[in-house]
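**Student:** Here's a structure for you.
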Amino acid sequence: MRYFLERGTLTAVTTHFSEVKAFVHSTPGLQNASLDFDPVTLRPTYRLTVGIAGGSNALATAARLGLRPGLLTKRAG
């Protein structure tokens, strides 16, 4: 991201990683944004909130779509 920032390139990056969100929050010239989710249905509302990093709903969405619970809690290794 710093590469593009130094060159003035408009860039959009998506991530679930908190470290990337924290980097953007603490780096001048970068800005977080998030797509809102309905907390009841876990479906996207397609509203963009600029200035706030969103939380990841990936595991909750995977569970809602039928991924076996054991796969959601099992650690790699």
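**Student:** Just the residues that are within 21 Å of THR11 (Cβ to Cβ) and open to solvent by 70 Å² or more (accessible area, probe 1.4 Å), please, taken from the range 30-62.
**Tutor:** GLN31, LEU35, LEU48, VAL50, ILE52
**Student:** Among the residues of the range 9-19, is there at least one that is of a type in the set (D, E, K, R) and surrounded by fewer than 10 Cβ atoms within 10 Å (Cβ to Cβ)?
**Tutor:** Looking through the range 9-19, at least one residue is of a type in the set (D, E, K, R) and surrounded by fewer than 10 Cβ atoms within 10 Å (Cβ to Cβ).
**Student:** Of all residues in the range 20-29, which are among the aromatic types (Phe, Trp, Tyr) and either under 21 Å from ALA63 (Cα atoms) or surrounded by fewer than 13 Cβ atoms within 10 Å (Cβ to Cβ) (or both)?
**Tutor:** Step one: filter the range 20-29 for residues among the aromatic types (Phe, Trp, Tyr), giving 23.
Selection gives nothing.
**Student:** Scanning for something among the basic types (Lys, Arg), out of contact with any Cys (no Cβ under 8 Å at 6 or more places or on another chain) and in a loop (DSSP other than H, G, I, E, B), does the range 43-59 turn up at least one residue?
**Tutor:** Checked against the condition, which is being among the basic types (Lys, Arg), out of contact with any Cys (no Cβ under 8 Å at 6 or more places or on another chain) and in a loop (DSSP other than H, G, I, E, B), the range 43-59 yields at least one hit.
**Student:** Can you tell me which residue is modelled with the lowest pLDDT among those in the range 8-28 that are over 19 Å from LEU48 (Cβ atoms) and in a loop (DSSP other than H, G, I, E, B)?
**Tutor:** Across the range 8-28, the extreme among qualifying residues is PHE17.
**Student:** If you don't mind, another one. Return the pairs, sorted by first residue and then second, in which the second residue is open to solvent by 100 Å² or more (accessible area, probe 1.4 Å) and part of a strand (DSSP E or B), the first residue lies in the range 41-70 and is closer than 24 Å to SER26 by Cβ and among the β-branched types (Val, Ile, Thr), the beta carbons are less than 8 Å apart, and the residues are 6+ apart or on different chains.
**Tutor:** THR49/LEU35
The values are calculated or read from the model by the stated rules, or taken from the named source; none is laboratory data. It should be emphasised that the depicted structure is a prediction, and the values quoted were computed from it without experimental measurement. In this analysis, Cβ positions are derived from the backbone assuming ideal geometry, glycine residues included, and neighbour counts consider all displayed protein chains. Ligands, DNA and RNA are stripped out before the accessible areas are found, and what is left, the full protein with its side chains, is counted by its heavy atoms. Shrake-Rupley method; radii C 1.70, N 1.55, O 1.52, S 1.80 Å.
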